[in-house]
Amino acid sequence: MSAPIEVMPKIGDLAFTRDSHYGSIMENAFAGALSFMRRRYTRDLTGVDVAVMGVPLDLTTSGRPGTRLGPRAIRAASSHLAWSRPWPWESDVFEDLAVVDYGDCLFDPGRPMEIPKAIREAAAEVLATDTALLTLGGDHFITWPLLQAHAAKHGPLSIIQFDAHTDTWADEGERLDHGTMLWHAINEGLVVPSRSAQIGIRTHNDDPMGVNIFNAIEVQKQGPEAIAKKVREIVGDNPVYVTFDIDCLDPSAAPGTGTPVVGGLTSYQAQEIIRGLAGLNVVGMDVVEVSPPFDHAEITALAGATIANDLLALHAAGKKARGA
């Protein structure tokens, strides 16, 4: 009689017990300690390629709150994906990259004006070790201090923003608002507008600040392949930061967000565009605006976890293309 096939690890709670940063191992999705894609929880970045960090913030939302619960929900949903490489990417990102869950950025919500500095310094601490960063939000404000940290390391960046909103509305001083983060970033010289692109926009803003916009109607009419090709031409070989606001997706695919707008992208369209960007020099990534209190059956959290996993694969593809 043949020996039984081992399909489960002998030790559970892989977030703490896995003995390598590499590989995908099956674990019950409904049990165990939560980490992103069952990666090891650690602050030791020795030999690590990418750290996944949560920023549980929703103090700057203009509509419905709840994104402070986003990182936890994305981690929970990712447990359903952790058993296999992301489909249809040809390689397993966790064989190509050493990825860990770095935990969450710590800040005091009672001192809101100190939060940007806390996010910026937490990101800079990771980047100083030559580890790339995938951040789970949190509302979209967090991208501004994240861009500050990334631009300090890599210089002025291209940004590829998947979103229903441009987030370039004019602001004043250091107000905290999730709809003005890119206005601040461009004015600070962190982002090169002419080499940046926004995808899925479907709200009015009379001043795009020179960013190339591919609105939701263009995506529907031209198709993901054509949009990805144009974005690649715009970005070129510039270091690029990819930010994915979950409200880029139509509310039918992502109801759990603070400012839903109908007429958005399908999950397939968004994923196909991301896959079409493979080879770009992606140096930083985030997924933001997942708001679990407004979600249904975790479909928004699952979309966020899947997109985050795709962004890891996109980063890995960029490293391969550059021979890194």
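Applying the selection to the stretch 154-179, what residues are buried (at least 20 other Cβ atoms within 10 Å of the Cβ) and either without any contact (Cβ under 8 Å) to a residue 24 or more places away in the chain or of a type in the set (Ser, Thr, Tyr) (or both)?
Across the stretch 154-179, the qualifying residues are SER158, THR166, THR168.
For residues that are within 16 Å of PHE107 (Cα to Cα), open to solvent by 20 Å² or more (accessible area, probe 1.4 Å) and either in a loop (DSSP other than H, G, I, E, B) or hydroxyl-bearing (Ser, Thr, Tyr) (or both), tally how many sit in the stretch 41-81.
2
Just checking, how many residues over the stretch 123-153 are in a helix (DSSP H, G or I) and either in contact with an Asp or Glu (Cβ under 9 Å, 6 or more places away or on another chain) or open to solvent by 70 Å² or more (accessible area, probe 1.4 Å) (or both)?
Within the stretch 123-153, residues that are in a helix (DSSP H, G or I) and either in contact with an Asp or Glu (Cβ under 9 Å, 6 or more places away or on another chain) or open to solvent by 70 Å² or more (accessible area, probe 1.4 Å) (or both) number 14.
Can you name the residue in the stretch 106-122 that is assigned to a loop (DSSP other than H, G, I, E, B) and farther than 26 Å from GLY47 by Cβ and is also least open to solvent (accessible area, probe 1.4 Å) among such residues?
Here the residue is PHE107.
Looking for something out of contact with any strand residue (DSSP E or B) (no Cβ under 6 Å at 6 or more places or on another chain), buried (at least 18 other Cβ atoms within 10 Å of the Cβ) and of a type in the set (Gly, Ala, Ser) - is there at least one such residue anywhere in the stretch 231-252?
no
Quick one: in the stretch 266-308, which of the residues that are within 15 Å of the chain's Cα centre (by Cα) and open to solvent by 20 Å² or more (accessible area, probe 1.4 Å) is farthest from ARG64 (Cα to Cα)?
Result: ARG275.
The values are calculated or read from the model by the stated rules, or taken from the named source; none is laboratory data. Computed from a predicted model, the values in this text were never measured in an experiment. Here Cβ is always computed from backbone atoms with ideal geometry, including for glycine, and neighbour counts include all displayed protein chains. Keep in mind that these areas ignore ligands, DNA and RNA; they rest on the heavy atoms of the full protein, side chains included. Shrake-Rupley method; radii C 1.70, N 1.55, O 1.52, S 1.80 Å.
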